[in-house]
Amino acid sequence: MNAIVALCHFCELHGPRTLFCTEVLHSPLPQGAGSGDVSGQNEQAEEEEGGIQMSSRIRSHSPAEGASADSSSPGPKKSDMCEASGEICGCRSLAGGHPGYVSHDKETSIKYVSHQHPNHPQLFSIVRQACVRSLSCEVCPGREGPIFFGDEQHGFVFSHTFFIKDSLARGFQRWYSIITIMMDRIYLINSWPFLLGKIRGIIDELQGKALKVFEAEQFGCPQRAQRMNTAFTPFLHQRNGNAARSLTSLTNDENLWACLHTSFAWLLKACGSRLTEKLLEGAPTEDTLVQMEKLADLKEESEGWDGSEEEEKPSSQPDVVEGQELSKSCPETSLVPDCNSWNVAHRRLSVFRSLRHMRQVLGASAFRMLAWHVLMGNQVIWKAQDMDLVQSAFDVLRTMLPIGCVRIIPYSEQYEEAYRCNFLGLSPHVQIPPHILASEFAVLVEVRAATRSSLYPTLFDDEQSLNKYEFLVTSGSPVAADRVGPTILNKIEAALTNQNLSVDVVDQCLVCLKEEWMNKVKVLFKFTKVDSRPKEDTQKLLSILGAAEEDNVKLLKFWMTGLSKTYKSHLMSTVRSPTSSECRN
């Protein structure tokens with residue numbers, strides 16, 4: 001993330017001052033940020049330490065060093081320095097010869113560099129202005145808390161002001177702020193909740209350490225009573241060297257700046273990793289919209305979970321509950337880590353690798369019957385002892401449907417109704433109601449022990465695990481061999497039987513086919529549900545779409561249930577808006 005995080009302090013003598021800042025470098029370290037050696041000011045030779053090149057002459061003029069700087073240096077002058085914001089001398093956090101702190105991110109080749117001020121004059125000016133505004137005019141009510149300000153020229157700033165207890169300060173406290181500066185306004189606003197929580201944690205730690213020091217000093221020598229008994233003198237004139245203390249003294253932490261560097265560097269890395277850009281060519285697909293909606297629902301559910309309620313859940317059927325939540329909330333493996341590990345574990349077993357592989361195992365006629373029921377939205381039931389085999393089969397079969405049409409219970413010890421799931425895995429001993437077995441809206445795949453050593457030619461060594469099974473596919477409404485079936489099923493079978501197409505190419509064909517028919521579903525939904533056209537017009541539309549056959553109509557109606565809420569609400573709002581009504585008239 002291209003940003004700067006800085007700790008600022010309001011000095012009682014000189015006003016706002018930058019104490020410590022951490023910046024991100026995508027190239028070798030700037031001259032002067034990695035060494036405290038100020039010798040050889042006029043030398044042009046470059047040194048190389050750990051693969052990083054640094055110029056000694058420019059390094060000596062770095063504002064981070066604070067010494068031997070000429071009048072053009074962007075750093076603060078010596079006359080403006082005081083002990084109120086630095087431990088050694090001047091308004092500084094680190095000593096003049098301190099090399100600063102550097103952290104290397106080997107994964108991204110990014111370096112996080114911390115020092116008192118940025119090396120670049122323009123960055124120094126931006127940080128300086130943000131520091132002044134955060135501790136003067138841009139403050140929230142109560143003077144403690146977060147606030148956002150900035151512009152395109154000087155960058156946008158997330159600032160969080162806070163107080164640190166000091167028994168020797170006026171009002172027994174000093175004023176600080178932690179600021180995050182970035183040129184990307186949208187990114188910074190979207191990072192507000194994350195930054196607020198993490199920066200608040202850093203502030204709480206600083207305030208906690210300072211409070212312990214404050215209470216110990218007050219217990220030993222109460223300052224309030226001592227000040228009340230002292231004759232009035234101007235506060236600034238009565239201060240001595242001990243009254244103006246550094247932050248390390250206030251917190252009694254000699255490793256404070258190293259800890260802040262670690263916290264700021266992690267904050268920059270984590271904030272940059274949590275939001276990623278994704279290039280979308282054209283409008284998002286329905287599967288993408290459904291994924292986003294279900295991911296949002298999953299986040300809301302996880303935030304609302306309570307630990308006590310989880311302990312009260314019955315444990316009689318853990319597999320059923322887990323399967324329902326897993327399948328409903330995690331349709332896409334790339335979005336949710338739990339789903340990803342779930343699917344990766346199954347693929348590792350190499351049971352069913354693809355639709356083509358399943359067709360070879362089941363046989364052409366059995367696979368066609370199974371695929372027909374899947375596309376029509378009928379309940380697909382697998383009975384097997386091997387839970388991994390069932391889950392692997394569902395992983396393959398679900399690729400034929402839009403994500404919004406998939407409802408899976410991977411494995412259960414009792415039969416579940418069709419309204420709850422269209423993919424159901426059962427243990428072999430589970431009794432299925434007779435009316436389901438005779439129903440035309442369900443298909444059953446029974447996995448039994450094979451009666452002979454090999455049921456089909458073994459093409460790969462890892463298929464030995466399937467040779468011990470035989471698969472029986474039955475339904476109350478078997479698909480006749482001469483039945484035309486839905487158009488998409490015929491195209492899928494044509495792609496699977498074409499040996500010139502690799503598995504990856506077949507997968508892309510499947511994506512294109514699903515998108516083609518989802519577009520037809522959108523047209524039909526708007527025509528029938530939104531515009532409320534008569535049946536005669538609907539029949540004409542189906543003929544134009546090439547979906548007038550009975551199976552195609554059933555498929556479109558089922559797939560209509562997989563449309564995203566975003567698309568439906570958009571259509572409804574468009575119809576109800578006054579502008580759309582005027583346009584029709």
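Summary of computed values
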quantity: Segment 503-576: translational diffusion in µm²/s, Stokes-Einstein, Kirkwood Rh over Cα pairs, 10 °C, 1.306 mPa s; calculated: 120 µm²/s
quantity: Spacing of the two label points (7 Å from each Cα toward its C-beta) at E413 and D537, in nm; calculated: 5.5 nm
quantity: In Hz, Karplus ³J(HN,Hα) per residue of segment 502-519 (6.51, -1.76, 1.60; θ = phi - 60°; x = Gly, Pro); calculated: 6, 4, 5, 5, 4, 4, 5, 4, 5, 4, 5, 5, 5, 5, 4, 6, 5, 5
quantity: Convex hull (Cα only) mean projected area of segment 375-435, reported in nm² to one decimal; calculated: 4.1 nm²
quantity: Estimated distance in nm for a label pair at H14 and L295, the labels positioned 7 Å out from Cα along Cα-to-Cβ; calculated: 4.7 nm
quantity: Paramagnetic label zone (point 7 Å from Cα along Cα-to-C-beta, E550; backbone N under 17 Å) in segment 495-535; calculated: none
quantity: Share of carbon and sulfur in the accessible heavy-atom surface of segment 138-190 [1.4 Å probe, %]; calculated: 53 percent
quantity: Cleavage-rule hits (GluC sites (Glu not before Pro)) in segment 372-430: DSSP loop, at most 10 neighbouring Cβ within 10 angstrom; calculated: E417
quantity: Segment 503-576 - percent relative contact order, Cα under 8 Å, separation 6 or more; calculated: 36 percent
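The values are calculated or read from the model by the stated rules, or taken from the named source; none is laboratory data. Computed from a predicted structure; not experimentally measured. Neighbour counts are summed over all protein chains in view; Cβ atoms, including those assigned to glycine, are modelled from backbone coordinates with ideal geometry. The protein model used for the area step is the full one, side chains on, heavy atoms only, and it has no ligands, DNA or RNA in it. Shrake-Rupley method; radii C 1.70, N 1.55, O 1.52, S 1.80 Å.
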